[in-house]
Amino acid sequence: MKAVITGGAGFIGSHLSDHLVAQGHEVIVLDDLSTGSLSNLSQLQNSPAFHFVQGDILDRELVDELVAEADTVFHLAAAVGVYNIVDKPLQSLRTNLHGTETVVEAAVRHRVPYMVASTSEVYGKNDANGLKENDDRIYGSPIKSRWSYAAAKGLDELVAHVYGKESGVPCVITRFFNVVGPRQTGQYGMVVPRFVDQALDDAPITVYGTGTQRRCFGSVFDVVPTLTRLLETPEAYNQAVNLGGHEEVSIKGLADRVVELTGSRSEITYMDYEQAYGEGYEDMQRRYPDTSLAARLIGYEPTRDLNTIIDSIVEHRRSTEVLPQPA
Ligand code: UDP
């Protein structure tokens, strides 16, 4: 199989590239390196099955040319991270809306099965216990840039779904719930790499808000192998499928855990949301996935607990980097 992975130099995309090449497939990564990095792909650079193309998903001709030759498309390119969305709302919106439309249109034109990455952000402020794929979305005003990511990703799902349904081309939408692991950067806001970097530097760990908000972190190593399996499963076509972990933790609890597992001397400090993200920011208090659809479709069952996930990130940070100074 020849797979095109948009956003393949990013965190999840680079792990998917590793996985597909290890399975004997050919991989073509399309990435503009805006948030992704070639260092995420250095392990593949000598593999004859791996090709990297630097380019933008808004470049229709380039996308068309690459997709025309592919057997599958994994669309992971997106503007991600709360800092990115809040700082560059227009650019993020263009990438997330028109970029997805461009990739999906090319996939449908060439009748290439496609996967579109979405996010638990689409549920917005719905904090139900065990969010199911058909649950309602609860958002703030569309003119608050904070909601633009959720709104754009919701439309991406609609585009993917409607094009898939009308064309009959296999399509799967995957909703990632706080997927974490080695190579994820904290630069754009993601909490786990930020806490790990701060802990390894013995710098203050910055908990935003009260720290009682809860998340359920999923391992990239549990999630990535499911992506090809979903695209091979006709019952999954035109569905949105939740993917994530099952161990829920408060953000203060996460900070404690990171301190304990790294043996850090860091203190835990608190910061207002306004100070962290700017005026008018609203956080989700809870986001817990119901992954029974993925379990039914492909037997998905996350196997890595939070300690194992944190350990893998710490090990990766220790082995690869000169630690950044905290902001
Ligand atoms: N967070 C935090 N400190 C940080 C970065 C994030 O306390 O340095 C909080 C953030 O406010 C949120 C949670 O951690 O409540 C998860 O944030 P992330 O951006 O990783 O994911 P999301 O908000 O999309 O679930």
Anything over 25 Å Cα to Cα? Flag those among Lys88/Lys125; Lys132/Lys165; Lys125/Lys165; Lys125/Lys153; Lys88/Lys252; Lys88/Lys153, in the order listed.
-> Lys125/Lys165; Lys88/Lys252
Once both axes come from the Cα atoms, what is the angle between helix 100-109 and the longest principal axis of the chain, in degrees from 0 to 90, rounded to 10?
-> 30
HN-Hα couplings for the stretch 72-87 via Karplus (6.51, -1.76, 1.60; θ = phi - 60°), in whole Hz with x for Gly/Pro, come out as 8, 10, 10, 9, 10, 5, 6, 7, 10, x, 4, 4, 4, 5, 6, 6
Report the antiparallel proportion of the DSSP beta bridges in the chain as a percent, rounded to a multiple of 5.
-> 10
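Calculate the dipole size of the stretch 16-108 relative to its Cα centre from +1 charges on Lys and Arg beta carbons and -1 charges on Asp and Glu beta carbons; express the result in debye to the nearest 20. Can you show the working numbers first?
Numbers: 3 positive and 14 negative charges, 73 e Å.
Taking the Cα centre of the stretch 16-108 as origin, the dipole is about 360 debye.
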Paramagnetic label zone (point 7 Å from Cα along Cα-to-C-beta, Thr320; backbone N under 20 Å) in the stretch 194-213 | 194-202
Hey, what do the phi angles of the stretch 213-219 turn into as Karplus ³J(HN,Hα) couplings, whole Hz, using 6.51/-1.76/1.60 and θ = phi - 60°, x for Gly and Pro?
-> 4, 10, 9, 10, 8, x, 7
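Kindly provide the Kirkwood hydrodynamic radius of the stretch 258-301 in Å, to one decimal, from all pairs of distinct alpha carbon atoms.
After inverting the mean inverse Cα-Cα distance, the result is 14.7 Å.
Any chance you could list the semi-axes, whole Å, largest first, of the equivalent ellipsoid that the Cα gyration tensor gives for the chain, using √(5λ)?
The three semi-axes for the chain are 30, 22, 19 Å.
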Degrees, to the nearest 10: 220-231 long Cα axis against longest axis of the chain = 20
On a 0 to 90 degree scale, rounded to 10, what angle separates helix 191-200 from the longest Cα axis of the chain?
-> 50
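Read-outs: derived from the displayed coordinates by stated rules, not from any lab. Remember, it's a predicted structure, so these values are computed and weren't measured experimentally. Counting neighbours? That spans all protein chains shown, and the Cβs are built from the backbone with ideal geometry, glycine included.
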